[in-house]
Each structure stands twice: as C-alpha cells, then as structure tokens.
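Chemist: Here you go, one structure.
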Amino acid sequence: MCHKQCRDENGFKCHLTSDSHLRQMKIFRDNAPGIMDDFSAEFEKGYVETLRRRHGTQRMNANNVYQEVIQDKHHVHMNSTKWTTLTDFVQYLGKKGICVVEETERGWYVTYIERDPTLLARQEAQRRKAEADQREERLAAERREVLRMEAAKA
C-alpha cells in the first residue's frame, strides 16, 4: 500500500505512526478484498508477461521466472496478493489454463499456452506455406522423373 522505503527499523516504526500510513491502512481496511484483487491481478499480469515475453512457450522453472519478475524495480510483491506461496500461484495458473504446470523433484515448471490469435494465425499460415512448398517440390520431382524417363526412352 505505502510505497515507502524505510532505511532502518526506526524509520519503519516512525512510518507506521505517520498520518499517511494510517490513512492508507484505513482505505485498505474499508476495501481489503478489492485492493487484494487489484494487486493479485497486477502480479499475475507481470508474471505471465515475463513468462510470455522472455520464454514464450518454453518449459521454465517457476521460481526462475519469479526471480526475473522481482528484478523489476516496480514489481508487485507476492505478499500483497491473495496467494501465500509461489506454489499456490502456479497451481492457480494451471487451473485457469494460462500455463501447463508440472511438479518435479526440482520444483514447479510452467509452460505458457499461447492464445494470441494473430500469432496463431501467422504460425498456421507458415505451416500451410511449408506444406504447399513440400507438395510443390514433390510434384516438381515427379515431373523431372517423368521427363527423365521419357528422355531415356527416346
């Protein structure tokens, strides 16, 4: 809530008694679920964006992605969200269908599921073009073979 960086314990103690902090806590007390939902949505957006932009549909260790998220100076802290652990958050992403989630002995792994219609359309067009090129190449090879056979007969 308060975006205050305190230098030491005394500064933090002074901040807790300040009018601005007390005002922020009153606002939070009046609308805690709404504020938590906002922070949770912002954290989810940041995590998924980091996963999507830096790793695409590559399988990644969830903790490594989280470490990248918290490197951003303006990130939302997980302790201000509705998830108490990274495990809870990763399981939420799996249930929501945003990522494929796997638990291994080395930790939780996430794989982003691409749903961008323009990207999917571009990939489909590339696939169709590759198939058409292969078909054209095969037909050309068959034509060359027929011509070679006719030349051999003559």
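The values are calculated or read from the model by the stated rules, or taken from the named source; none is laboratory data. Keep in mind the model is a prediction, meaning the values are calculated, not measured. All Cβ positions, glycine included, derive from the backbone under ideal geometry; neighbour counts span all protein chains shown. All accessible areas refer to the heavy atoms of the entire protein, side chains included, with ligands and DNA or RNA removed. Shrake-Rupley method; radii C 1.70, N 1.55, O 1.52, S 1.80 Å.
Chemist: If you fit an axis through the alpha-carbon atoms of helix 62-71 and take the longest principal axis of the Cα set of the chain, what angle between them do you get, 0 to 90°, nearest 10?
Modeler: The angle comes out at about 60 degrees.
Chemist: Next up: Which ³J(HN,Hα) values in Hz, rounded to whole numbers, follow from the phi angles of region 107-113 under the Karplus curve 6.51 cos²θ - 1.76 cosθ + 1.60, where θ = phi - 60° and Gly and Pro get x?
Modeler: So the Karplus estimates, Gly and Pro as x, are x, 8, 10, 10, 10, 5, 9 Hz.
Chemist: Enter the accessible area per residue of the chain (Å², integer; probe 1.4 Å; all protein chains in place).
Modeler: That works out to 75 Å² for each residue.
Chemist: From the phi angles alone, apply the Karplus equation (6.51, -1.76, 1.60; θ = phi - 60°) to region 127-136 and give each ³J(HN,Hα) in whole Hz, x where the residue is Gly or Pro.
Modeler: For region 127-136, the Karplus curve yields 5, 4, 5, 5, 5, 5, 4, 5, 4, 5 Hz.
Chemist: Hey, what do the phi angles of region 46-57 turn into as Karplus ³J(HN,Hα) couplings, whole Hz, using 6.51/-1.76/1.60 and θ = phi - 60°, x for Gly and Pro?
Modeler: The phi angles translate into x, 5, 5, 5, 4, 4, 5, 6, 8, 10, x, 9 Hz.
Chemist: Could you check the simple spin-label distance between residue 96 and residue 118, using points 7 Å along Cα→Cβ, in nm with one decimal?
Modeler: Each label point is offset 7 Å from its Cα along the Cβ direction, giving 2.3 nm.
Chemist: Enter the Cα centre distance for the pair region 28-49 and region 87-151, rounded to the nearest angstrom.
Modeler: Cα centres, region 28-49 to region 87-151: 34 Å.
Chemist: Which FRET efficiency value, to the nearest 0.05, is calculated for residue 84 and residue 59 with the Förster distance at 30 angstrom and r the Cβ-Cβ distance?
Modeler: For R0 = 30 Å, the calculated efficiency reads 0.75.
Chemist: Test of understanding: in a Gaussian network model of the chain with alpha carbons linked when under 10 Å, which of 89, 12, 43 would top the mean-square fluctuation ranking?
Modeler: Highest fluctuation of the listed residues: 12.
Chemist: Next question, about the same structure. With no solvent and one point per C-alpha, what does the Debye sum give as log10 I(q)/I(0) for region 45-121 at q = 0.12, 0.21, 0.22 Å⁻¹?
Modeler: Treating every Cα as an identical point scatterer, log10 I(q)/I(0) equals -0.32, -0.96, -1.05.
Chemist: Restricting to Cα pairs below 8 Å that are 6+ residues apart, what does the relative contact order work out to for the chain? Please round to a whole percent.
Modeler: Reported as a whole number, the value is 18 percent.
Chemist: Grab every C-alpha pair in the chain, bin the distances at 5 angstrom width from 0 up to the longest one, and report whole percents.
Modeler: Spelled out bin by bin, the chain gives 1, 7, 11, 13, 12, 10, 8, 8, 6, 4, 4, 3, 3, 2, 2, 1, 1, 1, 1, 0, 0 percent.
Chemist: When the chain is treated as a GNM, springs tying every alpha-carbon pair under 10 Å, which of 114, 124, 136 comes out with the largest mean-square fluctuation?
Modeler: The residue that fluctuates most here is 136.
Chemist: Related question: Which of 67, 123, 134 moves most in a GNM of the chain, Cα contacts under 10 Å?
Modeler: Result: 134 has the largest fluctuation of those listed.
Chemist: Name the lysines eligible as straight-distance cross-link partners of residue 95: C-alpha to C-alpha under 23 Å, and not fewer than 8 places from it in the same chain.
Modeler: List returned: 45, 82.
Chemist: Further question on the same structure: Kindly provide the trypsin sites (Lys or Arg not before Pro) of region 60-124 that DSSP labels as loop, not H, G, I, E or B, and whose Cβ sees at most 10 other Cβ atoms within 10 Å.
Modeler: 73, 106, 115
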